[in-house]
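Read-outs throughout are calculated quantities, based only on the coordinates presented, and are distinct from any laboratory measurement. A quick note: this is a predicted structure, and the numbers were derived from the prediction, not measured. Using ideal geometry, Cβ is built from the backbone for each residue, glycine included, and neighbour counts are taken over all protein chains shown.
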Amino acid sequence: EQLSVEPVNIELQMRVEQPELYPLSYGQQGLWSIYQLVPASSAYHVAAVYRLDGDLDVEVLHSAVQLLVDRHPALRTRFVQQQQELYQVVDGYQAAWFEVIDGADWSEKILQEQIQTRHAQPYDLEVGPLFRTTLFCHGATHTTLMVCMHHLVVDGWSISQLFDELFTLYSSSCSGATANLPLLQTTYGDYVRWQRQLLATEEERLWSYWRGQLPRELPVLQFPADRVRPAQQSLSGISHPIQIPPSLTAELRAMARRQGCTLYALLLAVYQLFLYRHTGQTTLLTGLPTAGRTRPEFSTVVGYFVSPVVLCTECNDSMLFHELLEQVKTSLLGALEHQEYPFARLVEQLNPPRDLSRSPVYQSSFVLQQSHAALRDSFSALSRTGIQITPIPLPLGAGQTDIALELFDGETELTGYFH
């Protein structure tokens, strides 16, 4: 049953009763191919978990979730094959998956186990839904909110936007105000069409750049291993949390200023040095996920826009660190200027030797996540309703590459994971 709670008053897209059908983006095609190899893996399940302390109105929250599903076509999307062609289908209406579970007697260990279980729960990409909300109730004023999605329909940018809108809708309804959300005039289908038009005119230029940046024979990352590598990767893994204290974070920021670079470039150079020291390989390829939203009309569209670029770094024992940093800065600027070339298309063009035991092109990745200003504002609005919110880390049991360093810039300190 669809719940409606007044006075939520936002402009929504007109509902389309007939499903909309259109092709996948290149990024989605790449994810789909991986899904076919390991359909039971949760490596491409994305989730966020928050502890909510206060008198939560569950019915209002349910209504806010349904409004998100009504508002964003990506949350009503599933994937089908017709006549050997793959399409994504946007349903005109879909009841939000909203699960309420009584966990009043649970220990913290049981809660974590339940979160992990739901995060690993497989998706039926053809049937859907691919957007799930679960609320664990531990008492009158203590709940845990978990939202889990398949990466085919969202990215990190989308997750921040969805939570910003969710908490804005909830707060507005509780206070009797109008939720000030912009009317969505662009869809993910528009992005797919734009991407195809771009490649029709710019592919030769983009491909020429990447062909010149990457070696003819792509090096394979070889970390010292204590066991034989399996014939096919399982994407199973583990996450190890790391924390860089405020004092060292401040020193890193100061060093970046002295070197005339961003904190991102500095940390990326350090990561390249780390890889070199552990592998001894002089040529390193590292994947760098980018937001993929190079045009402003796509900034508020929920969907999978992530477009990894590949950084090629040359290292040797006689190189000074500032030389490595300059190389990374130059390569990074060039990569970002040519980031519109889809990685899945790059793999097709490079056509590396087929090896099911490894990720194609690169086997390590690096990302530095920035805090979302709008999300902080919605957190403040939520606190005014009497709800205090605390993010809960979600350790992952799967990995997309052999090794990845994911850092979060918390302004005063850096935290993150080695995956």
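What the table shows:
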read-out	value
Proximal charge balance of F136 [Cβ under 12 Å; K/R count +1, D/E count -1]	-3
Summed side-chain charge close to L111 - residues other than L111 whose Cβ falls under 13 Å, Lys, Arg +1, Asp, Glu -1	-1
Scattering curve values for the chain, log₁₀ I(q)/I(0), Debye with Cα scatterers, q = 0.07, 0.10, 0.12, 0.13 Å⁻¹	-0.36, -0.75, -1.09, -1.27
Of P241, A48, Q88, farthest towards positive along the dipole that unit charges on Lys, Arg, Asp, Glu beta carbons give the chain	P241
Estimated [θ] at 222 nm from DSSP helical runs (n ≥ 4, -39500 (n - 2.57)) normalised by residues in the chain, nearest 500	-12000 deg cm²/dmol
Cα-centre dipole for the chain with unit charges at Cβ (Lys and Arg positive, Asp and Glu negative), debye to 20	980 debye
Inverse mean reciprocal Cα-Cα distance (Kirkwood Rh) of segment 85-186, Å	16.1 Å
Residue-count net charge about R295 - beta-carbon cut-off 13 Å; Lys, Arg +1, Asp, Glu -1	-1
Two-decimal Rg/Rh across segment 297-372, once Rg and the Kirkwood Rh are taken from alpha-carbon atoms	1.02
Calculated Rg and Dmax of segment 174-230 using C-alpha coordinates, Å	23.1, 62
Ranked packing of 335-343, 289-297, most packed first, by mean Cβ within 10 Å	335-343, 289-297
Two-decimal log10 I(q)/I(0) for segment 209-334, as the Debye equation yields it once each C-alpha is a single scatterer, q = 0.10, 0.21 Å⁻¹	-0.44, -1.37
Segment 268-419 - Rg and Dmax from Cα coordinates, angstrom	18.2, 59
